[in-house]
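K.L.:
A single structure is presented below for examination.
What follows draws every value from the coordinates through simple rules; no lab data is involved. Worth saying up front: this structure is predicted, and the values here are computed from it rather than measured. Because the Cβ atoms are built from the backbone with ideal geometry, glycine has one as well, and the counts that use them run over all protein chains shown.
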C-alpha cells in the first residue's frame, strides 16, 4: 500500500480548495502508488481513465481521475482482473445514479460535508463529537443511506489509506466506534420472536464490521438476521442449520471468485433444508454465473438486499 498523504485523502474525500486542479502523471503516480507505465496501460488498453492533454501532449489528471484510480485499485485488491474493472465501474456508476433517482433527493450534496466533520472527529479521536455526529446522521437519513453513503465510505477510505503515522489508529478508533453502534442496533433487532435468517462470511473475504453492517441493512421487522461468528467453517454450516432451522442462510463476500463458486455453493445448497443466498460484492459479480441455479443473489446495495430477501422468502423471486 503506497503512503497516503493528507493531500491524497483530501482528494478522495472531496475536500480540496481547488477541485479543478490538474496533476501531471508523476504526481499522480506519487499520490496513488501506481507507476506511470501502468497508468498509461489503463488508459490505452482498457480505457479506465481518460486524462486531458496539454498542447505538447503531456497527460494531466483531475481529482476525479485520482478517485477512479483508487476505485480501480480497490477492485484489483478484491481479486477482479483489470480487464473486467471497466464494466464494474460503469455498472457501479449506473447503480449509484439509479439509487439517487429513486430517492429523488438532493441530500447527497450534503454527504461530503458530513464526512468532513466525521474526519475531524476521527482525526481528533473525539468520541463525544463522533457520537453526536452519528446521532445527527441517523436522525437525518434512513439507516441504509447513513451507512452506505456516509459512514462506511469513510471507513473504507481510512482502511485503505494508512500510510502516514497515526492513520492506522484513526481507522481502529472509527472501526471500534461503528462496531459498537451496529452491535447495539442488532441486539435490539434480535429481541423479535420471529425466526432468524442466518448470515455468515465466506472465510477471509470481508471484515467483521462489513458483515455486521450487512446484517443491519438486511434486517427487517418481520425478518430478523443473526450473524454467525467470523471464521465459521463452511463445511459445518449444514450442522448449524440443522440445529437452528433458519428460514434462509446468507453467505456474504466482498471478493471476486475466479474458481468454481457456483459448484461449491450448489454442493452446499444440496445439504441444506433452507434456501442458500449470496450477498455482497461477490453476489453482484457472480449473478450471471448463478442465474438459474439454486443460489439466490441479493446484491450489495442495502435497500435492494432487504427487498430481495423478503421476495425470496415469500416465493416471489426466482433464483
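K.L.:
For the chain, find the longest principal axis of its Cα atoms and tell me its angle to the long axis of helix 208-218, 0 to 90°, nearest 10.
P.N.:
Relative to the chain, helix 208-218 is tipped by roughly 60 degrees.
K.L.:
How far is it, in nm, from the label point at residue 236 to the one at residue 81 when both lie 7 Å from their Cα along the line to the Cβ?
P.N.:
3.6 nm
K.L.:
Taking springs between alpha-carbon atoms closer than 10 angstrom, which of 299, 190, 47 fluctuates most in the Gaussian network model of the chain?
P.N.:
It is 47.
K.L.:
Note down the nm distance, to one decimal, between modelled labels 7 Å out along Cα→Cβ at residue 156 and at residue 35.
P.N.:
According to this spin-label approximation, the distance is 2.8 nm.
K.L.:
Nearest 10 degrees is fine. How inclined is helix 302-313 to the longest principal axis of the chain, computing both from alpha carbons?
P.N.:
20 degrees
K.L.:
Another question, then. If you average the C-alpha positions of the range 42-74 and of the range 205-254 separately, how far apart do those two centres end up, in angstrom?
P.N.:
Spelled out, the Cα-based centre of one part sits 39 Å from the other.
K.L.:
A further question follows. Quick one: order 157, 284, 235 by neighbouring beta-carbon count within 10 Å, fewest to most.
P.N.:
Least to most surrounded, the residues fall as 235, 157, 284.
K.L.:
For the chain, give me the percentage of DSSP beta bridges that are antiparallel, rounded to the nearest 5 percent.
P.N.:
Within the chain, antiparallel bridges account for around 20 percent of the total.
K.L.:
Another question, if that's okay. Rounded, prolate or oblate: which fits the range 216-319 when a ≥ b ≥ c are the square roots of the eigenvalues of the alpha-carbon gyration tensor, with rounded for a/c under 1.5 and prolate only if a/b beats b/c?
P.N.:
rounded
K.L.:
Between the helical axis of 63-77 and the dominant principal axis of the chain, each derived from Cα atoms, what acute angle in degrees is found, rounded to the nearest 10?
P.N.:
Value to nearest ten degrees: 40.
K.L.:
Among DSSP beta bridges lying fully in the range 193-313, give the percent that are antiparallel, nearest 5.
P.N.:
0 percent
K.L.:
Let me ask something else. Under the 0.36 nm per residue contour assumption, what length would be gained going from the current alpha-carbon distance of residue 67 and residue 271 to full extension?
P.N.:
Result for the pair: 69.1 nm of gain on full extension.
K.L.:
Between residue 287 and residue 55, 0.36 nm times their residue separation minus their Cα-Cα distance comes to what?
P.N.:
Gain on extension, residue 287 to residue 55, equals 79.0 nm.
K.L.:
How large is the helix-only mean residue ellipticity at 222 nm for the chain, computed as the sum of -39500 (n - 2.57) over DSSP H runs with n ≥ 4, divided by its residue count, in deg cm²/dmol to the nearest 500?
P.N.:
-16500 deg cm²/dmol
K.L.:
For the residue pair residue 127 and residue 221, what label-to-label distance in nm results when each label sits 7 Å from Cα along the Cα-to-beta-carbon direction?
P.N.:
3.4 nm
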